[in-house]
Amino acid sequence: MRRRGAVRVAALGATALVVSGLLAGCFASDEGGGAPRTRGEITFGVLAPLSGDLAERGQDLVDGAQLAAAELNDQGGVLGRQVKVAVEDGGCAPATGEQGASGLAAKKVVGVVGGLCEDAAVAAANAVAAAGTPFLVSSARADRLIEAGVPSVFPMEGTVYQEALAAVHWMGYRSPQRVAVLDDGSPAAQRLSGLVTDRVKADGLPVSRQSAEAKGPDLAKLASTVTAAKADFVYWTGPAEPGGRLVSALRQAGYAGHFMASSESDSPEFLQAAGAAAEDAYLTMAASPRLLPAAADWAARFKDRYRREPGRDAMQAYDALRALAQAVRQAGDTAPAKVVDNLPRLENFTTFTGTLRFAADHSLTYDNFIIAQVRGGKLILASKLRTD
């Protein structure tokens, strides 16, 4: 139930024909009506925060894209051309995102991957829109990017609605009798809790919804609402640390049912705050290489090259750059419009979570949310929620 040339030359004699053909092969434009180049390099842009609090994640993103480029070159490149990566600092604010994207557009990159912060990614998307440069946003949440409706932008992350569907889908496997959906009162948490509540109601299950104060939520009170409602499945959509304390409070109150938290709890803070009470808890979260057996060989190659474990930003950027390369191959050209046209119809292209397809609005047809479970104080993969 869940997600999917030949170069024209003047005939001026045999010598002129050969010279003209060589010159056309070297210098013909990728744009307009000219034949695609078969020599030179193909440059993809990478946009990531390279300074400040998110510099480590930004470098992870860059390294993932560079590994993809290196492996493409080892396989003969794309359209017989070697792949290069041009990197710009996209920061985490609209101004820096726009500036970084403009810098990549000025370098006439074939496409852009990256984008970690939502505000910076939206600004970057608008900056590359005029040139029609394809932009696969690898890490920023999809919702605002889709709402912006930029034709050349394709988010590689799922939407809030898709996370809600993932949560409700997994609840169905646990066969609950009564569901309690809890949040900390913040706008993002309330949006997700509202979507989950509506879907549970649509499935005909009794469900209660409770919001606490965003600052210092009364977790004991929330726990009491669960026991009063006789719920046997709890879904928490707030931050990680209060979520950990909540599951601890629930267990202390005698709650023996299922507990699941949203992707906001994909943090060591959740496990630290919950302690032993986190055992067997579930999380809806975006896929990460540390939880995907299919990514193990790739993670080993990454570690061999960079001497550290890859994060999910590296994995997302790796897949995004490979997807751009596949679109170029299918187009047989690097003209932006042709690459953009091929991205929604990638042929037999898979990521570490399965088939990559984009819907009409450029959201993921098959999103990248998975279900993780706490076992022995660590997260393990419970389900990919995919049929492919």
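The values are calculated or read from the model by the stated rules, or taken from the named source; none is laboratory data. Because the structure is predicted, anything quoted here is derived from the model rather than measured. Counting neighbours? That spans all protein chains shown, and the Cβs are built from the backbone with ideal geometry, glycine included. Ligands, DNA and RNA are excluded from the accessible area calculation, which covers all protein heavy atoms including side chains. Shrake-Rupley method; radii C 1.70, N 1.55, O 1.52, S 1.80 Å.
Scanning the stretch 340-359 for residues that are outside any strand (DSSP E or B), out of contact with any Leu (no Cβ under 9 Å at 6 or more places or on another chain) and within 28 Å of residue 171 (Cβ to Cβ) returns a single hit, 359.
Of the residues 124, 164, the single one that is open to solvent by less than 10 Å² (accessible area, probe 1.4 Å), under 30 Å from residue 225 (Cβ atoms) and small (Gly, Ala, Ser) is 164. Considering the stretch 287-315, and only residues there that are of a type outside the set (Ser, Thr, Tyr) and not in a helix (DSSP H, G or I), the residue that is most open to solvent (accessible area, probe 1.4 Å) turns out to be 307.
Residues in the stretch 82-95 that are over 12 Å from residue 44 (Cβ atoms) and open to solvent by 50 Å² or more (accessible area, probe 1.4 Å): 89, 92, 94, 95.
Do we have residue 97 as outside any helix (DSSP H, G or I) and out of contact with any His (no Cβ under 7 Å at 6 or more places or on another chain) here? Spelling it out, it is not the case that residue 97 is outside any helix (DSSP H, G or I) and out of contact with any His (no Cβ under 7 Å at 6 or more places or on another chain). What do you reckon, is residue 318 modelled with pLDDT of 95 or more, closer than 27 Å to residue 85 by Cα, of a type outside the set (D, E, K, R) and open to solvent by 20 Å² or more (accessible area, probe 1.4 Å)? In short, no. Scanning the stretch 353-388 for residues that are small (Gly, Ala, Ser) and touching a strand residue (DSSP E or B) at 6+ places or on another chain (Cβ under 7 Å) returns 363, 372, 382, 383. Scanning the stretch 213-264 for residues that are buried (at least 21 other Cβ atoms within 10 Å of the Cβ) and assigned to a loop (DSSP other than H, G, I, E, B) turns up 217, 231, 237, 238, 239, 262. Within the stretch 186-196, the set of residues being out of contact with any Gly (no Cβ under 8 Å at 6 or more places or on another chain) and closer than 19 Å to residue 213 by Cβ comprises 187, 188, 190, 191, 192, 193, 194. Only one entry of 218, 232, 280 meets the criterion of being among the acidic types (Asp, Glu) and closer than 26 Å to residue 158 by Cα, and that entry is 280.
Answer yes or no as to whether residue 33 is open to solvent by 20 Å² or more (accessible area, probe 1.4 Å), at pLDDT 95 or above and in a loop (DSSP other than H, G, I, E, B). No. Here residue 72 clears all of (1) out of contact with any Gly (no Cβ under 7 Å at 6 or more places or on another chain); (2) modelled with pLDDT under 95; (3) open to solvent by less than 70 Å² (accessible area, probe 1.4 Å); (4) not β-branched (Val, Ile, Thr) except the condition numbered (2). Touching a Leu at 6+ places or on another chain (Cβ under 6 Å) and open to solvent by less than 10 Å² (accessible area, probe 1.4 Å), is that true of residue 278? Answer is yes for this residue.
Evaluated against (1) surrounded by fewer than 21 Cβ atoms within 10 Å (Cβ to Cβ); (2) at pLDDT 95 or above; (3) over 16 Å from the mean Cα position of the chain (by Cα); (4) farther than 19 Å from residue 45 by Cα, residue 103 falls short on exactly one condition, (4).
A single entry from 50, 79 fulfils the requirement of being closer than 25 Å to residue 287 by Cα, open to solvent by 40 Å² or more (accessible area, probe 1.4 Å) and either more than 17 Å from the chain's Cα centre (by Cα) or aliphatic (A, V, I, L, M) (or both): 50.
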